[in-house]
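Each remark here refers to the structure printed beneath this line.
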Amino acid sequence: MAEVDHLAAERATARFDVEEMKVAWAGSRHAVHVADRMARLVASDPVFRKDNRTMLSRKELFKDTLRKAAHAWKRIVELRLTEEEADLLRQYVDQPGYVDLHWGMFVPAIKGQGTEEQQHKWLPLAYKFQIIGCYAQTELGHGSNVQGLETTATFDPKTDEFVIHSPTLTSSKWWPGGLGKASTHAVVYARLITEGKDYGIHGFIVQLRSLEDHSPLPGVTLGDIGGKFGSGAYNSMDNGVLRFDHVRIPRDQMLMRLSQVTREGKYVHSNVPKQLLYGTMVYVRQSIVADASKALSRAVCIAVRYSAVRKQFGSQDGGPETQVLNYKTQQSRLFPLLASAYAFRFVGDWLNWLYTDVTQKLEAKDFSTLQEAHACTAGLKAVTTSVTADAIEECRKLCGGHGYLNSSGLPELFAVYVPACTYEGDNVVLLLQVARILMKTVSQLASGKQPVGTMAYMGKVQYLMQCKSAVSSAEDWLNPDAIQEAFEARALRMAVNCAQNISQAASQEEGFYERSPDLLEAAVAHIQLIIVTKFIEKVHQEIPGHGVKEQLQALCNVYALYILHKHLGDFLATGCITPRQGALANEQLGKLYAQVRPNAVALVDAFNYTDHYLGSVLGRYDGDVYPALYEEAWKDPLNETVVPEGYHEYLRPLIKQQQLKLSRL
Ligand SMILES: CCCCCCCCCCCCC/C=C/C(=O)SCCNC(=O)CCNC(=O)[C@H](O)C(C)(C)COP(=O)(O)OP(=O)(O)OC[C@H]1O[C@@H](n2cnc3c(N)ncnc32)[C@H](O)[C@@H]1OP(=O)(O)O
Ligand SMILES: Cc1cc2nc3c(=O)[nH]c(=O)nc-3n(C[C@H](O)[C@H](O)[C@H](O)COP(=O)(O)OP(=O)(O)OC[C@H]3O[C@@H](n4cnc5c(N)ncnc54)[C@H](O)[C@@H]3O)c2cc1C
């Protein structure tokens, strides 16, 4: 810990037990302990240094990524780390790379879509890194529309092989992470053609590079797709392009858990929903929701600590300058983001539970919760990533000019994070999926079918369509039932309004198309309801530790009332609350900010991030920001020489020319 703690006074005002809050955040004492150990292991290892990352060229950065990944693997093996420890170690290394896709998508795709035999063959190779895999689905011409992919896998019964081919330029695989330079294998999604019939998209394991010298195999053309947004950032990842020219693979490299092609070329589909093909995406979407709280909490931790250190403007009587964290505007921009970090953390935990539950049911051939899993993972992925990306940028602004420096850590965090709004499903496309399910659920209400899971509230349609909020004072908004009812009524009424408007169109499809902007808003309202509900449920649980439950209660209220305030138009337009009740919610929000203020620094300390992981001179634990900023500036390569390169070529002649002109006057 730091020798001088410039934030000590802030820490002293906390009205709760920070160590216990760490447990509430991490999920258990064991989780705090393991995370702490792995974070320190990474922070103390010079190979994992990352403060120079934004100054490296793309080639240097990529090599640095390979080095870190190899070193991480060496440490994982040497220390015999468990899967949980290894995942955390990779998280704290904090540099996107091919391993993310290998463990995050290639392995899950084989686990989810491979037969037992296939898993037996391929997983041990992947587990030991004897092969490196990626997930090659998106093409140059199609990403969102998976059914529109063009790559073909045509069965040749003569040789018992599939022929993988890219028939057009637009069928080139484009974007897969790890494909460009590192992967030896890929799970490739292609149209299965057998006996002259196109059976749509299926997954195939295809070897791309030699295991001897890493050169592309015959018929395979591949490379990196080029530099991406921001310095450092996601440029450590080799997103790739891949084309096939009639590449042959054995029949048993089609992932055959869901459907099979026999030796004779007969297509056989197991009696399971086709959507299970999208299972890997569902898995990754739920992990992206968990990651959103990590990225958001990092940005918020930096902004809160720096706002407590930074002072601007004196008091009226010429006293000391004011900490910017004391400005009400700073609080009203920052504390909802702090509350959102906690909200996303808890909804992420719940989603992980849901995913595990659905997976167990699928194993038992119970597919009843597949739609719920799809709606929740798609919708929560969309809302949490959009909010987090915007919030990181807001945290940059909250840190003023210094937030724009790479050394603040915020520009890189933003650049790394922002593609999360696009990958694993563009957020708009995913929200429209949620909207479709909402419309289906509304249409089934008339027939008396009771909605279940997170849609269950829609079953209270008679009541929710006409209920009026009973709130008559600002304090009434602290009642979770009042919040819950207002959010349920808003979500349901928006969905019903959309359904009514769609029903007036010439066709359901046309109505859906015309009303899609409204449908997006209805989907967001439904997802926000889920987040609020899960936060309320969390706070209702027994939570040990002095003051911890009270702080979480306050943050839960901040989150809900902030959303209500931000989307006041929805609540008023649907008649769920009156303008006066909206004003009371805002009044209560102001009081809650005052309650959060003395606890703010301790609430971000509870994330338990090392300075290495935060990677920010502004977010340092000790708050000793100015010497660090000053020191950091001198490390820039531009400061390696006092007189810059190019002076003699471009600056001196210019200055001399001007001097000459002046001397002639
Ligand atoms: C150390 C470990 C770390 C782990 C963490 C890992 C993190 C990794 C970091 C991430 C790195 C980035 C990597 C990025 C990878 C990628 O981006 S991979 C590519 C991702 N691509 C997409 O997400 C494409 C998005 N598109 C789609 O998902 C689909 O095309 C679509 C939009 C859903 C439409 O599909 P379509 O087949 O056309 O279906 P519809 O007609 O719309 O619907 C038919 C029915 O199917 C239901 N459905 C759709 N999807 C699903 C699903 N996933 N699950 C279940 N059901 C689904 C849909 O509701 C319809 O149902 P009915 O109405 O009942 O028929
Ligand atoms: C950093 C990064 C990493 C990636 N990694 C991988 C990977 O490892 N493997 C892989 O296979 N892919 C990967 N992808 C690809 C990613 O999955 C796709 O980019 C993503 O699914 C979006 O598809 P798209 O690019 O086709 O966007 P498009 O669908 O072309 O989107 C363009 C615009 O059209 C809108 N739009 C599209 N369809 C509709 C609709 N029906 N209604 C309304 N609006 C619509 C979108 O909202 C968006 O505004 C990665 C992408 C990125 C950026």
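The values are calculated or read from the model by the stated rules, or taken from the named source; none is laboratory data. Note that the structure is a prediction, hence the values are computed from the model and not measured. Reconstructed Cβ throughout: ideal geometry from the backbone, glycine too, with neighbour counts over all protein chains shown. What goes into the accessible areas is simple: the full protein's heavy atoms, side chains included, and nothing from ligands, DNA or RNA. Shrake-Rupley method; radii C 1.70, N 1.55, O 1.52, S 1.80 Å.
Structure summary
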item	result
Where labels lie 7 Å past Cα in the beta-carbon direction, separation of T356 and E117 in nm	3.3
Charge context of A602, other residues only, Cβ under 10 angstrom, K/R +1, D/E -1	-1
Accessible area (Å², per residue) of the chain, counting only protein heavy atoms and a probe of 1.4 Å	45
Taking the C-alpha atoms of the range 472-605, convex hull volume expressed per residue in Å³	115
In nm, spacing of pseudo-spin labels at F129 and S443 (7 Å Cα→C-beta vector)	5.1
S368/M55 FRET efficiency (R0 56 Å; Cβ-Cβ; nearest 0.05)	0.55
Largest-first ordering by accessible area, 1.4 Å probe, given options H165, H142	H142, H165
Solvent-accessible surface ranking, highest first, for V428, V304 at 1.4 angstrom	V428, V304
Subset of K328/K397; K63/K294; K566/K591 violating a 24 Å alpha-carbon distance limit	K63/K294
Over 16 Å [Cα-Cα, the range 285-342], rounded percent	51
Relative packing of peptides 399-409, 120-130 - highest average C-beta neighbours within 10 Å first	399-409, 120-130
R0 of 22 Å, Cβ-Cβ distance Q450-N501: FRET efficiency to nearest 0.05	0.35
Filtered GluC sites (Glu not before Pro), the range 1-62: DSSP coil and at most 10 other beta carbons within 10 Å	E3
Percent carbon-and-sulfur accessible area, the chain, ignoring ligands, DNA and RNA, probe 1.4 Å	55
FRET E, pair Y199, Q462, Förster distance 56 Å, beta-carbon r, rounded to 0.05	0.80
Shape category assigned to the range 1-85 from the gyration tensor of Cα positions, a/c cut at 1.5	oblate
P(r) tail fraction, the range 107-271 - alpha-carbon pairs more than 30 Å apart, %	13
Values of log10 I(q)/I(0), in the order q = 0.09, 0.10 Å⁻¹, for the chain under a Debye, Cα-only, solvent-free model	-0.85, -1.03
Sequence of F346, F313 when ordered by accessible area, the most exposed leading, probe 1.4 angstrom	F313, F346
Pair L662, E321: separation of 7 Å Cα→Cβ label points (nm)	3.4
Gyration tensor (alpha-carbon) shape descriptor, the range 103-162, a/c threshold 1.5	oblate
Probe 1.4 Å - accessible area at I288, Å² to nearest ten	10
GluC sites (Glu not before Pro) within the range 146-195: DSSP coil, no more than 13 neighbouring Cβ in 10 Å	E195
Rounded to 5, the percent of DSSP beta bridges in the chain classed as antiparallel	85
Probe 1.4 Å - accessible area at S57, Å² to nearest ten	60
Among 261-270, 649-658, the order from most to least packed when residues are scored by Cβ within 10 Å on average	261-270, 649-658
At least 24 Å along the helix axis (C-alpha) and Kyte average at least 0.0, DSSP helices within the chain	279-309, 370-398, 427-445, 516-540, 548-566
Model label zone, H214; criterion: amide N under 18 Å from point 7 Å along Cα-to-beta-carbon; scope the range 47-83	57-74
H567 accessible area, 1.4 Å probe, all protein chains in place, Å² to nearest 10	50
Separation of alpha-carbon centers, the range 583-642 and the range 511-536, rounded to whole Å	33
Distance from the range 162-178 to the range 450-467 (C-alpha centre basis), Å	45
